[in-house]
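To start, the structure under review is shown below, and the notes come after it.
The values are calculated or read from the model by the stated rules, or taken from the named source; none is laboratory data. Remember, it's a predicted structure, so these values are computed and weren't measured experimentally. All Cβ positions, glycine included, derive from the backbone under ideal geometry; neighbour counts span all protein chains shown.
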Amino acid sequence: MSVLSEKNILLGVTGSIAAYKAADLASKLTQADAHVDVILTRAAEHFIPPITFQSLTGRKASTDTDLWGGEAHILHVGLGHAADLLLIAPCTANTLAKLAHGQANDLLSITALAAQCPLMVAPAMDVGMYEHPATQENVRILRERGVYFAGPAEGRMASGLTGYGRMLEPAELLGHVRLVLGKSGKLAGKKIVVTAGGTQEAIDPVRFITNRSSGKQGYALAQATLDAGAEVTLISTPTALTAPIGTKVVSAYSAQEMLQAVLAESAGADALIMAAAVADFRPADVAGSKLKKRDGIPQIMLEAAPDVLKAVANLGSGANRPRVVVGFAAESRDLLANAAEKLSSKKLDFIVANDISATDSGFDVEENRVTLLFADGKEEKLSLRSKLAVAEIIVEKIIDLLET
Ligand code: CTP
């Protein structure tokens with residue numbers, strides 16, 4: 001179950017050219033199983049018709065015409081009370097002003113005043129309008145009142161000017177929505193460290209040894225822990241992925257940097273999830289300048305890279321060791337026996353055993369088929385599912401362990 005499933009999102013769309021992006025946002029929210037009710041202002045209708053939203057959400061989109069319709073006396077109250085979140089995206093300078101001063105002269109502003117749920121706004125306006133002292137004062141008032149601001153971003157605007165005022169992209173807004181909805185989850189107040197990606201061990205300034213890890217499972221874990229309300233630090237090697245909105249990202253390249261980052265970030269953390277594929281071997285000597293072909297084929301001597309989980313295990317049960325430590329085992333043969341050995345030698349609470357010889361699961365694909373082995377001898381085999389679904393189950397197990 002995603003943090004968005006079955007959630008009632010009230011999406012207010014106001015009169016900005018960014019209104020066309022709200023259609024994509026409504027679609028993304030609906031695809032994530034949220035119920036999306038849309039209210040368009042009169043100005044928004046100039047940019048995009050209600051039918052677009054109705055087609056994407058499968059629900060009636062409301063306009064000011066409905067304010068004077070048969071159910072007018074209850075519509076705004078009903079929509080506002082049923083919502084888990086009121087998101088106004090795009091939110092114009094005019095709507096910001098109305099919200100700040102409690103004006104209620106159209107369906108959206110009346111609903112906003114009547115709503116009991118959290119309010120998130122995604123401002124979209126020209127840079128001069130955003131920077132105007134009147135708008136800045138309205139932003140301050142709303143922030144003080146607890147309104148959540150998603151953006152605006154800096155960038156090029158429809159006017160051709162560059163500056164603050166551009167609405168965040170729908171994918172980013174989705175991340176902010178997840179963050180707000182997840183806040184009261186079972187990991188609220190807990191600090192979780194997640195590692196992701198394959199480390200890079202330098203040979204010379206331009207070459208390195210790495211592995212096939214894409215980081216997808218680690219990033220899915222960062223999202224799932226955020227969805228459960230945790231404060232999440234994602235220690236990541238360079239990947240092609242975008243970190244989930246709300247994570248604190250720490251970059252690490254080599255096993256040594258991963259070790260330092262994990263030890264620093266784990267102090268005081270409740271759980272550590274080591275999804276990163278950390279190198280076991282690294283070049284013993286790193287050439288200071290680029291190795292040249294004319295000097296012949298280099299013989300690269302390898303040495304052991306630090307074992308991050310062993311170092312965490314060596315912390316004993318002191319305050320610096322997270323209460324729950326989870327490892328991964330990437331195996332191409334004897335999956336369960338090898339994973340069980342790592343579970344005990346690395347003193348883990350549980351290990352996620354991953355058969356990397358299968359082509360439909362493991363490295364660089366969207367799905368994973370894993371078996372969870374627990375320190376108390378229990379075993380749980382999970383069928384093939386998305387990496388986010390695997391992550392959500394791992395997070396459930398961590399919640400159980402933290403609650404015991
Ligand atoms: N790991 C680690 N430090 C390393 C290597 C691995 O902390 N230098 C962690 C991984 O993040 C993973 C777990 O240990 O959570 C198991 O990693 P894996 O590569 O499967 O095992 P190895 O310890 O490298 O053992 P082997 O080489 O025998 O497979």
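Give me the residue from the range 260-312 that is within 13 Å of the ligand (Cβ to nearest atom), part of a loop (DSSP other than H, G, I, E, B) and not small (Gly, Ala, Ser) and, out of that set, surrounded by the most Cβ atoms within 10 Å (Cβ to Cβ).
For the range 260-312, the residue satisfying everything is 278.
Can you tell me how many residues within the range 324-371 are within 10 Å of the ligand (Cβ to nearest atom) and buried (at least 16 other Cβ atoms within 10 Å of the Cβ)?
Final tally of qualifying residues: 18.
Quick one: is residue 313 under 30 Å from residue 387 (Cα atoms), at pLDDT 95 or above and not aromatic (Phe, Trp, Tyr)?
Against the criterion (under 30 Å from residue 387 (Cα atoms), at pLDDT 95 or above and not aromatic (Phe, Trp, Tyr)), residue 313 does not qualify.
Quickly run through the range 91-134 and pick out the residues that are over 17 Å from residue 163 (Cα atoms), without any contact (Cβ under 8 Å) to a residue 60 or more places away in the chain and among the small types (Gly, Ala, Ser).
97, 100, 102, 104, 109, 114, 134 - these are the residues of the range 91-134 that are over 17 Å from residue 163 (Cα atoms), without any contact (Cβ under 8 Å) to a residue 60 or more places away in the chain and among the small types (Gly, Ala, Ser).
Let me spell it out: the conditions are (1) among the hydrophobic types (A, V, I, L, M, F, W, C); (2) under 23 Å from residue 211 (Cα atoms); (3) touching a residue at least 40 places away in the same chain (Cβ under 8 Å), and residue 319 meets all of them except one. Which number is the exception?
Unmet condition: (2).
So how many residues does the range 351-374 have that are of a type in the set (A, V, I, L, M, F, W, C), assigned to a strand (DSSP E or B) and within 20 Å of residue 216 (Cα to Cα)?
Residues that pass the stated criteria total 5.
Mind counting the residues in the range 57-80 that are on the phi < 0 side of the Ramachandran plot and either touching a Lys or Arg at 6+ places or on another chain (Cβ under 6 Å) or at pLDDT 85 or above (or both)?
9
Across the range 224-259, what is the total count of residues that are more than 16 Å from the ligand (Cβ to nearest atom), of a type in the set (Val, Ile, Thr) and assigned to a loop (DSSP other than H, G, I, E, B)?
Qualifying residue count for the region: 3.
Might you check whether a residue that is in contact with a Lys or Arg (Cβ under 8 Å, 6 or more places away or on another chain), in contact (Cβ under 8 Å) with a residue 40 or more places away in the chain and in a loop (DSSP other than H, G, I, E, B) occurs anywhere in the range 375-398?
There is no residue in the range 375-398 that is in contact with a Lys or Arg (Cβ under 8 Å, 6 or more places away or on another chain), in contact (Cβ under 8 Å) with a residue 40 or more places away in the chain and in a loop (DSSP other than H, G, I, E, B).
Please determine whether any residue of the range 337-350 is among the hydrophobic types (A, V, I, L, M, F, W, C), in contact (Cβ under 8 Å) with a residue 60 or more places away in the chain and either not assigned by TED's automatic domain parsing to the domain that holds residue 252 or not in a helix (DSSP H, G or I) (or both).
Scanning the range 337-350 turns up no residue that is among the hydrophobic types (A, V, I, L, M, F, W, C), in contact (Cβ under 8 Å) with a residue 60 or more places away in the chain and either not assigned by TED's automatic domain parsing to the domain that holds residue 252 or not in a helix (DSSP H, G or I) (or both).
As an exercise: evaluate residue 374 against (1) surrounded by fewer than 17 Cβ atoms within 10 Å (Cβ to Cβ); (2) touching a Leu at 6+ places or on another chain (Cβ under 6 Å); (3) of a type outside the set (Asp, Glu) and give the number of the one condition it does not meet.
(2)
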